[in-house]
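Q: Mind having a look at this structure? Questions to follow.
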Amino acid sequence: MWAKKLGSQLGRPTRSVGGWLVSKLFKTRNQVLEESAVQLCRIQPGDTVLELGHGPGLGLESAAKLLTGPTGHMIGVDYSEYMHQMAKERVKEFLESGKVTLHLCDVAAMPLEDNSVDKVFHCNCYYFWPDLRKAASEIHRVMKPGGLIVTTLRHSHVAVLAAKRVMPGENWRPEAYMAALRDSGFTDIRMEDIQHRNITFQAIYATALT
């Protein structure tokens, strides 16, 4: 029972003691993954960038600071209302200036135009998508041809949680996620180990097919 409750809060934190604890975990354990995903995206000043499952807003804030061009725009989506509100507070100035736009929605149904996003990143996110292919197809829809998506995770930690049945089903496996990307029109899909601040983590890269 505890594993299912933890998995629920990790996937969609609520305004509760459990959700608050998970938000603290996100801020401490995910910071390196968030900042690394932003750097690995090779964001340009005028890009339109999308973060999936933005959580408390660490990645949003980091990426928005790089979008210094007049056309630079940051978009964040999350289906947790608690995380949505927390991120709104964190990037309040960017929201007011129009540099950042946030949507409370499912990754599989985003209110974004076709071929409108240059770069996409997310951290510790895809395992909670009920239908990987549906989500991957929606991501591909909104991306410009040749656009890059970067996913960061600590596979060893995810595997431990999956063994304790915190992660639902088999979607946590990188192979399942990479297969969904391939089936949805992405190419150049690869995963590599990265060492940063004495932490080893994995980055999955894919390019929207031109």
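The values are calculated or read from the model by the stated rules, or taken from the named source; none is laboratory data. Note that the structure is predicted; figures quoted are calculated from it, not measured. So basically every Cβ, Gly included, is an ideal-geometry build from the backbone, and we count neighbours across all protein chains shown. Remember, those area values only see protein heavy atoms, side chains included, never the ligands or the DNA or RNA. Shrake-Rupley method; radii C 1.70, N 1.55, O 1.52, S 1.80 Å.
Q: Can you quote the Å³ per residue value for the convex hull of the Cα atoms in the stretch 97-210, rounded to an integer?
A: Numbers: hull volume 13.9 nm³, N = 114.
Taking only Cα atoms, the stretch 97-210 has a hull volume of 122 Å³ per residue.
Q: While we're here: Out of the trypsin sites (Lys or Arg not before Pro) in the stretch 178-210, which ones are loop residues according to DSSP with at most 14 other C-beta atoms within 10 Å?
A: When the trypsin sites (Lys or Arg not before Pro) of the stretch 178-210 are filtered for loop state and at most 14 Cβ neighbours within 10 Å, ARG197 remain.
Q: Among the GluC sites (Glu not before Pro) in the stretch 114-195, which ones are in a DSSP loop with at most 12 other Cβ atoms within 10 Å of the Cβ? Mind listing them? Walk me through the numbers on the way to the answer.
A: Details: sites: GLU138, GLU170, GLU175, GLU192; in loops: GLU170.
Here the sparse-neighbourhood loop sites are GLU170.
Q: Follow-up. May I ask for the net charge around ALA136, where only other residues with Cβ less than 12 Å from the Cβ of ALA136 are counted and Lys, Arg are +1 while Asp, Glu are -1? Don't skip to the end; give the middle numbers.
A: Values: positive: ARG133, LYS134, ARG141, ARG182; negative: ASP131, GLU138, ASP183.
Residues close to ALA136 contribute a combined charge of +1.
Q: Could you compute how much accessible surface VAL160 exposes when probed at 1.4 Å, giving the result in Å² to the nearest 10?
A: 80 Å²
Q: Next up: Over the stretch 92-210, give the accessible area per residue in Å² for a 1.4 Å probe, as an integer.
A: Values: 5830 Å² over 119 residues.
Dividing the accessible area of the stretch 92-210 by its residue count gives 49 Å².
Q: For the stretch 62-210, with the dipole built from +1 on Lys and Arg beta-carbon atoms and -1 on Asp and Glu ones, taken about the Cα centre, which of ASN198, HIS155, ALA179 lies farthest toward the positive end?
A: The residue sitting most towards the positive pole is ASN198.
Q: Please report the antiparallel percentage of the DSSP beta bridges confined to the chain, to the nearest 5.
A: Working: 15 of 34 bridges.
In the chain, approximately 45 percent of DSSP beta bridges are antiparallel ones.
Q: Then there is this: Please list, by residue number, every one of the trypsin sites (Lys or Arg not before Pro) in the stretch 25-76 that is coil in DSSP and has at most 15 other beta-carbon atoms within 10 Å. It would help to have the intermediate numbers written out before the result.
A: Details: sites: LYS27, ARG29, ARG42, LYS65; in loops: ARG42, LYS65.
Counting only loop positions with at most 15 other Cβ atoms within 10 Å, the trypsin sites (Lys or Arg not before Pro) in the stretch 25-76 are ARG42, LYS65.
Q: So, one more: Given the pairs LYS92/LYS144; LYS65/LYS119; LYS65/LYS144; LYS92/LYS119; LYS88/LYS164; LYS119/LYS164, which are separated by over 25 angstrom at their Cα positions?
A: The answer is LYS92/LYS144; LYS88/LYS164; LYS119/LYS164.
Q: Of the labelled options (i) 11.5; (ii) 10.7; (iii) 14.8, which one gives mean projected area of the Cα convex hull in nm² as computed for this structure?
A: Identified label for the calculated read-out: (ii).
Q: Counting each DSSP H run of 4 or more residues in the chain as -39500 (n - 2.57), what helix-only mean residue ellipticity at 222 nm follows after dividing by all residues, to the nearest 500 deg cm²/dmol?
A: Numbers: 9 runs with 86 residues, N = 210.
Calculated from helices alone, the mean residue ellipticity at 222 nm is -12000 deg cm²/dmol.
Q: A follow-up question, please. Tell me the label-point distance for the pair GLU192, VAL160, using the 7 Å Cα-to-Cβ offset, in nm and rounded to one decimal.
A: 2.6 nm
Q: In whole percent, how big is the carbon plus sulfur part of the accessible area of the stretch 43-109, probe 1.4 Å, protein atoms only? List each step's numbers first, then the result.
A: Values: 1330 of 2730 Å².
Exposed carbon and sulfur together represent 49 percent of the surface.
Q: Give the relative contact order (percent, whole number) for the stretch 106-210; include only Cα pairs under 8 Å separated by 6+ residues. Walk me through the numbers on the way to the answer.
A: Working: 178 pairs, mean separation 32.8, N = 105.
Worked out over the stretch 106-210, it gives 31 percent.
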